[in-house]
Each structure stands twice: as C-alpha cells, then as structure tokens.
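Participant: Got a structure for you, written out below as structure tokens; questions coming shortly.
Please treat every number below as a calculation from the coordinates, not as lab data. Here the structure is a predicted model, which means the values were calculated and not measured. Quick reminder, even Gly has a Cβ in these numbers, built from the backbone with ideal geometry, and neighbours come from all protein chains shown.
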Amino acid sequence: MRVSKNFELREFTRSATALRLGIVNEPGAEQIENIMALVTDVLQPVREMYNAPLRINSGYRCPELNKAVGGVPTSQHTKGEAADVRVADPRRMFNMIKRSKLPFDQIILYPTFVHISHKRDGENRRNVLFAKGVQP
Ligand SMILES: [Zn+2]
C-alpha cells in the first residue's frame with residue numbers, strides 16, 4: 001500500500017530480524033494510522049527537503065520484535081510513531097529537520113541514521129537529542 005509519493009507501508013514493517021526469528025510484524029489499524037501520519041506530516045516533507053531517497057531501517061515493531069532488537073518497552077516504534085531513517089549524510093538531514101517547522105516529537109542523531117518520531121494525537125515536543133557517543 002502506498003502511503004505517500006515516496007513511501008510504501010511495507011517499508012515500515014519489513015525487518016530482517018523478524019524474518020530470521022519468524023516473528024509476524026503486522027501493525028493494527030491504529031498503528032497504521034500512526035505510520036501514515038508520521039509519513040504525511042514529517043517523512044514525506046523531509047524527503048522533499050533532503051531531496052534524496054530515505055531508507056527506513058526500522059519502522060513499526062510489534063512488541064515481540066521490539067524485545068528481540070533490544071528496544072525499550074515504551075518505544076514509539078511499537079506504536080507506529082517512529083522510524084529509523086538511513087541516509088548518506090544523517091547529520092545534514094538531522095540539522096535540516098531541526099531548523100524546519102515540522103511537527104516532530106523527537107529526533108535522535110545516530111552515527112548512521114536518524115530516529116524520527118511523531119504523535120498523531122497529542123503534542124509533538126520537537127525534542128532534539130543525540131545518541132550516546134555522537135557529538136552534538
Ligand atoms: Zn528508533
């Protein structure tokens with residue numbers, strides 16, 4: 001299913017870990033709504049600003065998959081509210097998002113990707129964070 005010009009829903013559910021462990025990583029209706037809002041409100045505009053393909057390393061994670069990859073139980077990935085986005089220059093994309101007026105909840109810069117989250121219901125805090133070991 002196409003979510004926007006540049007994103008398909010399956011990009012947010014595929015997982016090498018899930019395949020390997022036989023975990024069925026299928027979002028429910030509410031999680032799908034959240035993924036669609038994340039894409040429409042944040043990721044598609046970021047795609048257009050950055051002007052290069054965004055690779056989704058990890059999007060939705062069912063609780064079992066989230067546990068298998070060592071995610072915290074409250075992870076926004078389990079709600080369909082977050083995606084880890086890999087690009088050639090994560091810091092450039094991170095700074096672009098930070099300077100934008102986009103309604104993100106959190107962005108976290110990692111060495112090879114940016115964690116981007118968005119809440120469909122509730123306040124988007126625009127928290128700008130750095131993963132352990134990444135220079136601000
Ligand atoms: Zn993440």
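Participant: Defining a contact as two alpha carbons under 8 Å apart and six or more residues distant in sequence, what relative contact order in percent does the stretch 2-130 show?
Facilitator: On the way: 222 pairs, mean separation 30.0, N = 129.
Averaging sequence separation for qualifying contacts and normalising by length gives 23 percent for the stretch 2-130.
Participant: Students often forget the sequence filter, so: which lysines lie under 22 Å Cα-Cα from residue 132 once same-chain residues fewer than 8 apart are removed?
Facilitator: Leaving aside lysines fewer than 8 places away in the same chain, those within reach of residue 132 are 67, 98.
Participant: So how far, in whole Å, is the C-alpha centre of the stretch 1-62 from the one of the stretch 94-134?
Facilitator: If we compute the Cα centre of each part, the gap is 16 Å.
Participant: Tally Lys and Arg at +1 and Asp and Glu at -1 over the other residues with C-beta under 14 Å from the C-beta of residue 17: what net charge comes out? It would help to have the intermediate numbers written out before the result.
Facilitator: On the way: positive: 14, 20, 61, 67; negative: 64, 84.
Its environment carries a net charge of +2.
Participant: Next question. Calculate how many DSSP beta bridges within the chain are antiparallel, expressed in % of all such bridges and rounded to the nearest 5. Mind showing how you got there, number by number?
Facilitator: On the way: 14 of 18 bridges.
Antiparallel bridges make up about 80 percent of those DSSP assigns within the chain.
Participant: Which aspartates and glutamates, if any, have their Cα less than 13 Å from the Cα of residue 101, not counting same-chain residues under 8 positions apart?
Facilitator: 41
Participant: Please report, in cubic angstrom per residue, the volume enclosed by the convex hull of the alpha-carbon atoms of the stretch 1-93. Walk me through the numbers before you get to the answer.
Facilitator: On the way: hull volume 9.1 nm³, N = 93.
Dividing the Cα hull volume of the stretch 1-93 by its residue count gives 98 Å³.
Participant: With point charges of +1 on the Cβ of Lys and Arg and -1 on the Cβ of Asp and Glu, referenced to the Cα centre of the chain, which listed residue (31, 111, 76) lies farthest in the positive direction of the dipole?
Facilitator: 111
Participant: In sequence order, what are the phi-derived ³J(HN,Hα) couplings for the stretch 2-13 according to the Karplus relation 6.51 cos²θ - 1.76 cosθ + 1.60 with θ = phi - 60°, rounded to whole Hz, with x for glycine and proline?
Facilitator: 7, 9, 7, 3, 10, 10, 10, 4, 4, 4, 9, 10
Participant: Moving on to the next point. Quick one: if the Förster radius is 25 Å, what FRET efficiency do residue 26 and residue 100 give, using the C-beta to C-beta distance and rounding to 0.05?
Facilitator: The pair residue 26/residue 100 has a calculated efficiency of 0.20.
Participant: In the stretch 73-115, which trypsin sites (Lys or Arg not before Pro) are in a loop and have at most 12 other Cβ atoms within 10 Å, using DSSP for the loop call?
Facilitator: Numbers: sites: 79, 86, 91, 92, 98, 99, 101; in loops: 101.
Here the sparse-neighbourhood loop sites are 101.
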